[in-house]
Ligand SMILES: NC(=O)c1ccc[n+]([C@@H]2O[C@H](COP(=O)([O-])OP(=O)(O)OC[C@H]3O[C@@H](n4cnc5c(N)ncnc54)[C@H](O)[C@@H]3O)[C@@H](O)[C@H]2O)c1
């Protein structure tokens with residue numbers, strides 16, 4: 001979807017060594033900016049996955065920070081990391097040494113609706129932001145439980161269920 005609608009180059013984390021690919025694409029330097037938009041449900045593989053899953057199940061950490069670790073380790077020296085994915089509590093094996101030694105800028109934010117929604121709606125109205133493709137399931141309010149189920153389980157190609165009162 002990102003490739004089709006935004007025109008971005010994409011890498012599949014399930015099939016590619018992301019760190020190696022990013023270095024290759026950036027002349028060995030790493031990206032200037034890494035935006036983490038995955039949050040505490042990050043998937044990973046191998047020992048890291050086993051470690052995170054076990055610690056989470058044993059309540060020794062609340063979240064799985066695989067994508068945050070990856071962003072910090074991949075980012076170039078002096079680069080910036082933005083953590084937009086939601087985290088709830090504590091994480092383990094946070095590469096603080098890399099943040100410090102590479103001089104990274106770390107920022108995060110819950111979306112500030114009151115501040116940004118009016119600007120975003122205006123840009124949508126002017127056709128500068130296209131969002132139609134995200135509303136894969138437009139439903140009535142009565143279909144709310146079904147919409148949430150489709151979204152949560154990622155069924156039927158659901159990206160966003162949008163509810164229209166009176167539909
Ligand atoms: N900061 C905010 O205000 C704000 C607002 C809305 C949503 N969020 C958060 O943003 C995150 C994403 O939300 P969403 O609705 O797009 O979720 P989503 O489940 O639709 O998308 C998450 C994507 O991350 C991918 N992913 C999982 N592990 C990955 C990894 N290791 N590397 C790369 N990609 C990986 C999944 O395949 C999936 O496509 C969630 O944590 C959500 O809570 C934050």
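The values are calculated or read from the model by the stated rules, or taken from the named source; none is laboratory data. What you see is a predicted model; the values in this text were computed from it and never measured. With ideal geometry, Cβ positions are generated from the backbone for all residues, glycine too; neighbour counts draw on all protein chains shown.
All of 39, 27 fail the test of being exposed (fewer than 13 other Cβ atoms within 10 Å of the Cβ) and out of contact with any strand residue (DSSP E or B) (no Cβ under 8 Å at 6 or more places or on another chain), apart from 27.
In segment 120-133, what residues are without any contact (Cβ under 8 Å) to a residue 60 or more places away in the chain, surrounded by 10 or more Cβ atoms within 10 Å (Cβ to Cβ) and not in a loop (DSSP other than H, G, I, E, B)? Let's see the steps before the verdict.
First, pick out the residues of segment 120-133 that are without any contact (Cβ under 8 Å) to a residue 60 or more places away in the chain: 120-129, 131-132.
Filter once more, keeping what is surrounded by 10 or more Cβ atoms within 10 Å (Cβ to Cβ): 120-124, 129, 131.
Correct list: 120, 121, 122, 123, 124.
Considered as a group, the residues in segment 99-114 that are farther than 18 Å from residue 39 by Cβ and touching a residue at least 24 places away in the same chain (Cβ under 8 Å) include one that is farthest from the ligand (Cβ to nearest atom), and that residue is 103.
Considering only residues of segment 18-40 that are in contact with a helix residue (DSSP H, G or I) (Cβ under 7 Å, 6 or more places away or on another chain) and in a loop (DSSP other than H, G, I, E, B), which is farthest from the ligand (Cβ to nearest atom)? By that ranking, first place goes to 30.
Quick check on residue 155: is it at pLDDT 95 or above, out of contact with any helix residue (DSSP H, G or I) (no Cβ under 9 Å at 6 or more places or on another chain), outside the structural domain of residue 39 (by TED's automatic domain parsing) and within 13 Å of the ligand (Cβ to nearest atom)? Judged against the criteria, residue 155 is not a match.
Matching residues to (1) in contact with a helix residue (DSSP H, G or I) (Cβ under 9 Å, 6 or more places away or on another chain); (2) away from the ligand (no atom under 12 Å from the Cβ):
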site: 42; (1), (2): yes, no
site: 51; (1), (2): no, yes
site: 56; (1), (2): no, yes
site: 62; (1), (2): yes, yes
site: 65; (1), (2): yes, no
site: 76; (1), (2): no, yes
site: 121; (1), (2): no, yes
site: 128; (1), (2): yes, yes
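Quick one: would you say residue 11 is at pLDDT 95 or above, within 13 Å of the ligand (Cβ to nearest atom) and either surrounded by 11 or more Cβ atoms within 10 Å (Cβ to Cβ) or not in a loop (DSSP other than H, G, I, E, B) (or both)? For residue 11, the condition - at pLDDT 95 or above, within 13 Å of the ligand (Cβ to nearest atom) and either surrounded by 11 or more Cβ atoms within 10 Å (Cβ to Cβ) or not in a loop (DSSP other than H, G, I, E, B) (or both) - is met. The set of residues in segment 95-114 being modelled with pLDDT of 95 or more and in a loop (DSSP other than H, G, I, E, B) consists of 95, 102, 103, 104. Of the residues 72, 117, the single one that is assigned to a helix (DSSP H, G or I) and free of Cβ contacts under 8 Å to residues at least 24 places away in the same chain is 117. Going through 47, 6 one at a time, which residue ends up being outside the structural domain of residue 131 (by TED's automatic domain parsing), closer than 29 Å to residue 135 by Cβ, away from the ligand (no atom under 12 Å from the Cβ) and without any contact (Cβ under 8 Å) to a residue 40 or more places away in the chain? Unique residue meeting the criteria: 6.
I'd like to know if segment 148-159 contains one or more residues that are over 20 Å from the mean Cα position of the chain (by Cα) and over 23 Å from residue 38 (Cβ atoms).
no
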